[in-house]
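Following: one structure in structure tokens, then a few remarks.
The values are calculated or read from the model by the stated rules, or taken from the named source; none is laboratory data. These numbers come from a predicted model, not from an experiment.
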Amino acid sequence: MKQFMNGIRQGFGDFGHTIATIVNTVLLFIVYIIGAGLTSIIAKIFGKRFMKTSLHKKSYWTDLNLKKEKMDNYYRQY
């Protein structure tokens, strides 16, 4: 009887682990599609480009355009 109960416990544990894996995979897939997919679609509609890439550039470095500012701007950063 003890072996039978241990077998049932082991079977339910394996079943629970399998169901949890399936549910987590499906939920993460849905969250990814909603998050990344909708963001991509909305960005394409509004013409937003998150990475400034071009096939004709030799380098992807951008100029930061650093220059001196007024002292008040340094004191009031936040």
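Considering (1) over 25 Å from the mean Cα position of the chain (by Cα); (2) at pLDDT below 80, the lone condition that Gln3 does not fulfil carries the number (2). Within the set Thr21, Thr39, Thr53, the sole residue that is on the phi < 0 side of the Ramachandran plot and assigned to a loop (DSSP other than H, G, I, E, B) turns out to be Thr53.
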